[in-house]
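Asks: Before anything else, here's the structure in question.
Each reported figure results from applying straightforward, stated rules to the coordinates on display, with no laboratory input. Quantities reported herein were computed from a predicted structural model and do not represent experimental measurements. Please note: Cβ atoms are built from the backbone with ideal geometry, for glycine as well, and neighbour counts cover all protein chains shown.
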Amino acid sequence: MKQLSLLIFLLAFFTGLRADHITGGEMYYTVLSRSNGGTTYQVTLKQFRSCGTPGRQFYDPIYIGVFRRGNNSEYQMLRIPLNREEQISHTSTDPCITRPPLVCYYVGYWVFSVTLPDSPDGYIITSQVTNRVDLISNLMAGYGRIGATYTAEIPGTAQLATAPDNRSAQFTGSDLVTVCAENPFDYSFAATDPDGDELRYFFCDAYLTAGYSSGGGGGPGGGGANNSEPPLAPPYTSVPYGGQFSGDAPLGVRVNIDAMTGLITGIAPETGIYVVTVCVQEIRNGIVIATQRKDLQINITGCTLATATLQPEYMLCGNSQQLVVANRSNSPLIARWDWEFRNAAGQLVYTGTNPTADFTFVQPGTYTVKLTTNRGMQCPDSTEALALVYPGFNPAFTTTGSCISKPVSFTDQTTTNFGSVNYWYWDFGQPNVMTDNADQQNTSWTYPSSGPFTVTLIAHNSVGCKDTLRQTVTILDKPPIGLTFRDTLICPPDPLTLQATGTGIFTWSPAVNMTGAQTATPRVNVTGETKYYVDLDQNGCLNRDSVLIRTTNQVTLQMPADTLICLGDTIRLRPQSNGLVYNWSPGTGLLSPGAPAPLVRPPGDTRYLLTASVSACTANGSVWVRTVPYPIARAGADTMICFGTEAQLHAATDGSAFSWSPLLPGTLDPVIRPAATTAYIFTATDTRGCPKPARDTVLVTVLPKVQAFAGRDTSVVVGQPLQLYASGGSGYQWSPGAGLSNPGIADPVAAYHRPGTGIRLKVLVTDQAGCADSAFMTVKVYNTLPQVFVPTGFTPNGDGINDWLRPIGAGIREIRFFRVYNRWGQLVYSGQENNRGWDGRINGQLQGSGTFVWQVSAVDYLGADFFLTGTATLLR
C-alpha cells in the first residue's frame with residue numbers, strides 16, 4: 001500500500017472556562033560544560049496548547065523539579081519564565097484527502113540551565129500541569145480531570161562512568177500532521193541523539209498529575225490564574241486507560257510502532273482525542289542509560305482518504321465460511337474497485353468489481369485478499385489482507401468458586417478444529433485495577449468485593465485465529481444455600497428427608513435423630529419440634545441456614561357450611577385445617593383437586609369429600625354444593641330492517657320479572673323504530689334461589705337509506721347505443737324496459753330507433769334487505785347525425801331557465817373539452833362534462849352583457865372526432 005502523507009491533528013478545539021487546553025509536551029537537554037565533578041545542562045521544556053482556547057495561557061513562570069533517581073528525593077526546585085511562544089498551522093492540499101481539517105496550535109518553550117553534581121543514580125527533571133484536554137477517548141469514561149507529567153532522565157555514573165556527559169535524544173518528527181478516522185496513516189516519532197547512542201522506541205504509559213485540585217485556578221495550569229505549583233516527586237502514575245486501549249496500545253491493536261525507527265503505522269480508530277506517549281531508550285555499549293518521553297493528545301477527525309484500506313486479517317474461524325468485505329475508506333473520490341482472492345498456492349478463486357466483495361470459501365485455509373482502487377484513475381491505491389478460513393474455533397471457560405476473598409478458578413475450555421490453542425489472555429473485569437489479568441491457560445483470581453464482574457478471555461490458535469469471549473461471573477459474600485423448605489409439619493414417628501443444594505461441604509446440626517449429617521440430604525426422625533442448622537463450606541467461604549420441623553399428633557379440619565350457587569358458576573371451598581396434603585373427590589367440577597381451597601364448578605348438586613393429612617395423620621370432611629339454574633332469557637333472533645321502518649322483538653323467559661335496555665315498553669314483544677343499529681339487552685330474574693339475573697342480546701341492524709341514482713338526463717341520436725349507469729344499492733329494475741338490453745341490471749344498454757322529445761326512465765333500486773328507492777332520468781332521441789348543441793344565448797339570472805352556456809351532446813360518447821373565451825381572447829371557462837358549462841362568472845363576478853366565443857371537441861359514439869365552434873350572447 002502506498003504511504004500517503006497524513007496529518008495528525010494534535011489539538012482539540014475546546015473552548016469554555018475549564019482548564020482544558022494543554023495537548024502535549026516533552027523535555028530534552030544538552031551539555032553546556034563540565035567542571036569539578038559537575039555538569040551544567042541546558043534544558044528545554046516544550047508544551048503544546050490548543051488554538052481553540054484563546055483565553056488560556058502557558059505558565060509564566062513554571063515550576064520545574066529536579067529529583068534524585070535513586071530515592072526520588074527532591075534535589076532542587078526551579079521557577080522558570082516562559083522564553084517564547086509561537087503559533088503554527090497547516091491545512092493539507094493533498095487532492096486525495098477530503099475535508100482536511102485546519103491544524104493549529106501554540107508551542108511554548110522554557111529554556112534554562114541547571115548545574116548538577118555527578119551522581120551514581122542520576123536525576124529526573126519533571127514538569128507538571130493539571131490542564132490536560134478533557135474528553136480523551138482512550139481513557140475511562142467519567143474519570144474526570146487529569147493532568148500531565150513531562151520528564152527527562154539524566155543518567156548516573158553507576159550506569160556508565162561517562163553518563164553525566166549525556167546529551168538526551170530529541171524528537172524530530174513534524175507535529176503538523178492529520179489522521180483520518182478508520183483510515184491508514186503513518187507518523188514518525190523519530191529522534192536524533194547527538195552522542196550517537198542506539199535508540200529503541202516503544203509505546204508507554206502517559207503520566208497523570210495526582211495530588212492537585214482540578215478546580216479552576218488550583219494546581220499547575222489551573223484556569224486562567226496561570227499559577228504553577230511545584231511538581232510531585234516520582235514515581236508517577238499512569239493515566240486510566242479504558243476499553244481496548246492501554247499504554248502499549250494507545251490507538252488500539254491495529255496501530256503499531258517500529259522499535260528501530262519510531263514510525264507509527266496502522267489503521268486509525270474512530271474520531272476522537274487520544275493520548276499517545278512514545279518512549280525512546282538511549283542505549284550505549286548495550287546499556288540503557290536513559291529514557292526520554294513525548295506525550296501528545298492526537299485528534300482523529302472525520303476526513304477521508306482515497307485509499308484501499310482493509311483490516312490486516314479477516315477471521316472466518318466461527319461457523320461461517322462467507323466473507324463480506326468492503327473498503328474501510330468511504331472517500332467519495334473512490335470510483336472503482338477491483339477484488340482478487342487467491343489461495344495459498346496463488347490460484348485465483350474470486351474476482352469482483354463491486355464496492356463490496358461477497359464470497360463463500362469452499363475449502364479451509366489461508367487466503368490473500370487484494371483490493372485495488374481507482375485503477376487507471378486519480379488517487380490509485382492497493383492493499384492486501386489475509387482471510388483465515390478455519391471454522392470451529394470457539395473460546396470457552398468454566399469457573400469454580402464464587403466467594404469474596406477466596407480464589408476463583410478459571411478453566412479454559414476453548415476448542416479448535418484446526419491447529420492447537422496456543423495463547424490465552426485473561427482480564428478479570430475488576431474496575432480501576434490494572435493488574436487483574438493473566439496469560440496462563442488456566443488461572444485464578446481473588447475478588448475483594450461481591451457483585452457481577454465481566455471476565456474477558458482472548459484466545460488464539462496456531463493457524464492464526466483469534467477470538468474474544470466475555471462472560472459474567474457473580475461473586476458473593478457467602479456461598480448460596482438452596483432449601484426445598486424452611487418450615488414444615490410432620491406427624492411422628494414418620495421420617496423426613498431434609499433437602500439442600502449448593503456447592504461445597506454440608507454439615508447439619510444438631511445430629512440428633514439424623515443420618516447423613518455430612519450430606520446435602522440427611523434423614524431425620526423427630527418426636528418433637530426441632531430446628532436444624534445447615535452449614536456450607538465452599539473453600540473456606542461459609543454460609544448458614546436453618547429448617548424448622550414442627551410436630552402434631554392429629555390433623556384439625558373444619559369444613560365450610562353447605563352452600564347454594566347458580567348453576568354454571570364457580571365457588572371456592574375454604575376449609576380450616578393444619579393439614580399439609582389435601583385430597584378432594586369427586587373430580588367432577590373440581591378445578592384444582594390438590595389445593596387447600598379449590599375452585600369448583602359443579603354440574604349439579606354435588607357433595608365434595610376432603611381428606612387432609614400430615615404424613616400418616618389424616619382427617620376427613622365433606623360439604624354440599626347445591627345448584628339452581630339461571631332463569632331462561634331469550635331476546636330473539638337478530639334482525640335487519642330498512643331505514644325509517646319498524647321491527648317487532650320476540651323475547652321469552654321463565655323468570656318472574658324482566659326488562660329491556662335501552663328502555664322499551666314492558667312486554668316480551670315490543671315494537672321498535674330505531675334510528676340506527678342498536679343492541680337491545682333482555683334481562684330476566686326469578687325467586688327460585690339463583691339471585692343473579694340472566695341476560696341475552698338481540699341486534700337490530702338498521703340499513704342505511706337507499707340513495708337511488710339513475711344518471712343525468714342525456715341526449716342520443718337514433719340508433720346510438722346508450723350505456724346507462726345506476727347506483728345506490730344491490731338490485732336494480734328499469735322501466736319501461738323496451739329498448740334495454742336487460743332491465744334487471746344496474747348498467748343496461750339502451751337502443752332507440754325513433755326520435756323522441758323525452759323518454760322518461762325509472763330505476764327501482766333495492767338493498768340486501770329489500771329496502772327500495774327510485775330515481776328518474778330523461779333521454780332525448782334526435783333524428784340526426786351526432787351533434788353537439790350549444791345555445792346562441794343564455795341568461796344567468798338564477799331563475800332556473802337558460803342559466804348556463806353548456807354543450808348538449810347527441811350521439812356523443814365523450815366531451816374532450818368545452819371552452820369559452822371573452823372578446824379579448826381570455827379563457828373564462830373550460831370543462832369536459834356533457835350538459836355542464838359556464839355560469840357567466842369570472843372569479844365569482846357575474847359578467848355584463850356581451851358576446852363570447854365557444855369551442856367544443858368531442859368523440860361521437862362511432863369513435864369519430866368532432867369539433868365545433870361558435871358564439872353565444874350573455875343577456876342581462
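Asks: Arranged by the count of other C-beta atoms within 10 angstrom, fewest first, what order do ILE475, ILE812 take?
Replies: Neighbour counts put them in this order, fewest first: ILE475, ILE812.
Asks: List the equivalent ellipsoid semi-axes of the stretch 245-351 in whole Å, largest first, each obtained as the square root of 5λ for an eigenvalue λ of the Cα gyration tensor.
Replies: Working through the eigenvalues yields semi-axes of 35, 20, 14 Å.
Asks: To continue, here is another question. Let me know the charge dipole size of the stretch 554-646 about its Cα centre in debye, to the nearest 20, where only the beta-carbon of Lys, Arg (+1) and Asp, Glu (-1) is charged.
Replies: That gives the stretch 554-646 a dipole magnitude of about 320 debye.
Asks: Label point 7 Å out from SER409 along Cα-to-Cβ: which residues of the stretch 433-449 have amide N under 13 Å?
Replies: From the stretch 433-449, the list is 442-445.
Asks: Kindly provide the Kirkwood hydrodynamic radius of the stretch 91-194 in Å, to one decimal, from all pairs of distinct alpha carbon atoms.
Replies: Hydrodynamic radius (Kirkwood, Cα only) of the stretch 91-194 equals 18.1 Å.
Asks: Quick one: longest stretch of the chain between exposed loop GluC sites (Glu not before Pro), exposed meaning at most 15 other C-beta atoms within 10 Å and loop per DSSP?
Replies: The answer is 1-269.
Asks: Still on this structure: What's log10 of I(q)/I(0) for the stretch 22-301 at q = 0.10, 0.13 Å⁻¹, Debye sum over Cα points only, no solvent?
Replies: Scattering profile of the stretch 22-301, log10 relative to I(0): -0.52, -0.89.
Asks: Calculate, axis by axis, the spread of Cα positions in the stretch 633-702 along the three principal axes, and write the results as whole Å, longest axis first.
Replies: 43, 16, 16
Asks: Full extension from THR237 to LYS705: what is 0.36 nm times the residue separation minus their Cα-Cα distance, to one decimal in nm?
Replies: 159.6 nm
Asks: Strictly greater than 19 Å: what percent of every Cα pair in the stretch 666-728 meets that?
Replies: The calculated P(r) of the stretch 666-728 puts 64 percent of pairs beyond 19 Å.
Asks: Quick one: work out Rg over Rh on the C-alpha atoms of the chain, Rh as Kirkwood radius.
Replies: With Rg and the Kirkwood Rh in hand, the quotient comes to 1.22.
Asks: Give me, ordered by chain and number, the residues 5 or more places off GLY156 or on other chains with an amide H under 5 Å from its own placed amide H.
Replies: Residues meeting the amide H criterion: GLY122.
Asks: In whole Hz, with x marking every Gly and Pro, tabulate ³J(HN,Hα) for the stretch 27-37 from phi via Karplus 6.51 cos²θ - 1.76 cosθ + 1.60, θ = phi - 60°.
Replies: 9, 8, 8, 9, 8, 8, 6, 10, 6, 6, x
Asks: Report the FRET efficiency, 1/(1 + (r/R0)^6), for GLN76 and SER33, where r is their Cβ-Cβ distance and R0 is 22 Å, rounded to 0.05.
Replies: Computed FRET efficiency for GLN76 and SER33: 0.80.
Asks: So for SER331, SER238, fewest C-beta neighbours within 10 Å to most, what's the order?
Replies: SER238, SER331
Asks: Hey, another quick one. Consider just the alpha-carbon atoms of the stretch 787-874 and return their Rg together with their Dmax, both in angstrom.
Replies: That works out to 12.8, 40 Å for Rg and Dmax.
Asks: What is the gain in length, in nm to one decimal, between ALA751 and SER622 on full extension, counting 0.36 nm per residue of separation less the C-alpha to C-alpha distance?
Replies: Gain on extension, ALA751 to SER622, equals 37.5 nm.
Asks: Give me the orientation-averaged projected area of the Cα convex hull of the stretch 306-389, in nm², one decimal.
Replies: Result: 5.1 nm².
Asks: If the stretch 723-860 were replaced by its equivalent ellipsoid, with semi-axes equal to the square roots of 5 times the Cα gyration tensor eigenvalues, what would those be, largest first, whole Å?
Replies: 35, 18, 13
Asks: Rounded to whole Å, give me the distance from the Cα center of the stretch 633-668 to that of the stretch 101-170.
Replies: The distance from the Cα centre of the stretch 633-668 to that of the stretch 101-170 comes to 99 Å.
Asks: Report the FRET efficiency, 1/(1 + (r/R0)^6), for ARG634 and ARG688, where r is their Cβ-Cβ distance and R0 is 30 Å, rounded to 0.05.
Replies: The formula returns an efficiency of 0.95 here.
Asks: Still on this structure, I have one more. Roughly speaking, what is the stretch gain from THR93 to LEU663, that is 0.36 nm per residue apart minus the C-alpha to C-alpha distance, in nm to one decimal?
Replies: 196.3 nm
Asks: Moving on. Taking neighbour Cβ counts within 10 Å as the exposure measure, how do THR606, THR383 sort from fewest upward?
Replies: Fewest to most other Cβ atoms nearby, the residues stand as THR606, THR383.
Asks: Using a 4.7 Å cut-off between beta carbons, which cysteines in the chain end up with no partner cysteine at all?
Replies: Within the chain, no cysteine lacks a partner Cβ under 4.7 Å, so the list is empty.
Asks: Also, quick follow-up: Please list 3J(HN,Hα) in residue order for the stretch 82-87, calculated via the Karplus relation 6.51 cos²θ - 1.76 cosθ + 1.60 where θ = phi - 60°; whole Hz, with x for glycine and proline.
Replies: Residue by residue, the stretch 82-87 yields 6, 6, 7, 9, 9, 10 Hz.
Asks: Once the stretch 382-452 is represented by equal point scatterers at the alpha-carbon sites, with solvent omitted, what log10 I(q)/I(0) does the Debye formula produce at q = 0.11, 0.16 Å⁻¹?
Replies: Summing over Cα pairs of the stretch 382-452 leads to -0.40, -0.68.
Asks: By a straight-distance test (C-alpha under 21 Å), which lysines pair with LYS705 as possible cross-link partners, with residues fewer than eight away in the same chain excluded?
Replies: LYS762
Asks: So what is the orientation-averaged projected area of the stretch 765-815, using the convex hull of its C-alpha atoms, in nm²?
Replies: 6.4
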